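Participant: Following this message is one structure expressed as structure tokens.
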Amino acid sequence: MHPMLNIAVRSARAAGKVILRAFEQVDKIEIESKGTNDIVTNVDISAELAIVETIQKSYPHHTIIGEECGVIEGKESDYQWIIDPLDGTSNFVKGIPHFAVSIALKVKGKLDQSVIYDPIRGELFTASRGKGAQLNGFRIRVKQSKELKGSILATGFPFKHKQHTNAYLEMFKTLFGKTSDMRRAGSAALDLAYVAAGRVDGYFEIGLKPWDTAAGELMVIEAGGLVTDFVGGHNHSNSGNIVASSPRLAKEILKDIRPHLGEALSK
């Protein structure tokens, strides 16, 4: 295992321990609002601290970008860790056992290492640039679906961007009419990990943040998939609009959502 991936795994497991302890006493979780339909808990903050401390023990001069801590500038700015300590906070606070720790490392602007850890199921998804993707040490591959018929797509509702509700519902309606079924599970990181593992055929969502998608993006690519924005480009880390699947299926998804984008979602 790459030394920096090893540290990412160690960090994810440390955060997972914090999360599991708290999940046993959901009634004691402290919740604050960060904005409309956006919450943070004391567990998010504690888990992120565990990740930051573990990374900084080995790489004290690396930059860290966290959902809760913001940017911690390091002297070695070529190395950027992008972390989401608890992706699926709403599930967590409701006692729904579907959430994950997401950690990615960029080296000179390129995704290099990633970990998505589901502490409930003990599932550790990992990827290294050019080395493939694994689940608990076993190689995983994107399902090479060629058409929407018979496929299952994962998605996320635009609950923080309700101005796009109508556009989203039109996309959903078009795709749902052609697929076998759709899933909305509440964790973007796990949605992307499930695409990489071939558990779902594809995934699309509006308005995500880099810490939601960075680890999963590398995971999908290393598992033989494609990650794009809504117009087939590479602006998804800025726009937050993402499609992930096999290359052939991505072409079909993009073709069906394109008529519903409008100006705001065509970036």
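The values are calculated or read from the model by the stated rules, or taken from the named source; none is laboratory data. Since this is a predicted model, take the numbers as computed values, not measurements. Note: ideal-geometry Cβ built from the backbone for every residue, glycine included; neighbour counts use all protein chains shown. Each accessible area value is taken on the protein alone, full model and side chains, heavy atoms only, with ligands, DNA and RNA left out. Shrake-Rupley method; radii C 1.70, N 1.55, O 1.52, S 1.80 Å.
Participant: Mind checking which residues of the stretch 160-169 are closer than 21 Å to D181 by Cβ and in contact (Cβ under 8 Å) with a residue 12 or more places away in the chain?
Facilitator: Y168
Participant: I'm told G70 meets every condition in (1) without any contact (Cβ under 8 Å) to a residue 12 or more places away in the chain; (2) open to solvent by 50 Å² or more (accessible area, probe 1.4 Å) except one. Can you identify the failing condition by its number?
Facilitator: (2)
Participant: Something else about it: In the list K143, K94, which residue meets the criterion of being over 20 Å from S237 (Cβ atoms), open to solvent by 30 Å² or more (accessible area, probe 1.4 Å), of a type outside the set (A, V, I, L, M, F, W, C) and modelled with pLDDT of 95 or more? Write out each step before concluding.
Facilitator: Details: K94 fails: modelled with pLDDT of 95 or more.
The conditions single out K143.
Participant: A follow-up question, please. Exactly one condition in (1) in contact with an Asp or Glu (Cβ under 7 Å, 6 or more places away or on another chain); (2) assigned by the TED database to the domain that holds R21; (3) crowded, with 20+ Cβ neighbours inside 10 Å is false for K108; which is it?
Facilitator: (3)
Participant: Name the residue, out of A127, A167, A133, that is out of contact with any Asp or Glu (no Cβ under 7 Å at 6 or more places or on another chain) and of a type in the set (G, A, S).
Facilitator: None of the others qualify; the one that does is A167.
Participant: How about the stretch 211-254: which of its residues are farther than 24 Å from G66 by Cβ, part of a helix (DSSP H, G or I) and open to solvent by 30 Å² or more (accessible area, probe 1.4 Å)?
Facilitator: P247, R248, K251, E252, listed by residue number.
Participant: Would you say Y59 is among the aromatic types (F, W, Y) and open to solvent by 50 Å² or more (accessible area, probe 1.4 Å)?
Facilitator: Spelling it out, it is not the case that Y59 is among the aromatic types (F, W, Y) and open to solvent by 50 Å² or more (accessible area, probe 1.4 Å).
Participant: When you go through T179, T165 one by one, which is the residue that is of a type in the set (S, T, Y) and either open to solvent by 30 Å² or more (accessible area, probe 1.4 Å) or modelled with pLDDT under 95 (or both)?
Facilitator: T165
Participant: Still on this structure, please answer the following. Take residues that are touching a Lys or Arg at 6+ places or on another chain (Cβ under 9 Å) and tell me which of the helices (runs of 4 or more DSSP H) falling wholly in the stretch 1-102 contain 1 or more.
Facilitator: Answer list for the stretch 1-102: 3-23, 42-58.
Participant: On the basis of being assigned to a helix (DSSP H, G or I), of a type outside the set (D, E, K, R), crowded, with 22+ Cβ neighbours inside 10 Å and not assigned by the TED database to the domain that holds I83, does A189 make the cut?
Facilitator: Yes.
Participant: Applying the selection to the stretch 36-58, what residues are of a type outside the set (S, T, N, Q) and either at pLDDT 85 or above or at positive phi (or both)? I'd like the intermediate steps shown before the answer.
Facilitator: Start the filter on the stretch 36-58 by keeping residues that are of a type outside the set (S, T, N, Q), which leaves 38-40, 43-45, 47-53, 55, 57.
Once the filter is applied, which keeps residues that are of a type outside the set (S, T, N, Q) and either at pLDDT 85 or above or at positive phi (or both), the stretch 36-58 yields V43, D44, I45, A47, E48, L49, A50, I51, V52, E53, I55, K57.
Participant: Kindly indicate whether E76 is closer than 21 Å to L111 by Cβ, surrounded by 20 or more Cβ atoms within 10 Å (Cβ to Cβ), modelled with pLDDT under 95 and not basic (K, R).
Facilitator: no
Participant: Identify the residue in the stretch 34-56 that is open to solvent by 20 Å² or more (accessible area, probe 1.4 Å) and in contact with an Asp or Glu (Cβ under 8 Å, 6 or more places away or on another chain) and, among all such residues, is nearest to A15 (Cα to Cα).
Facilitator: Here the answer is I45.
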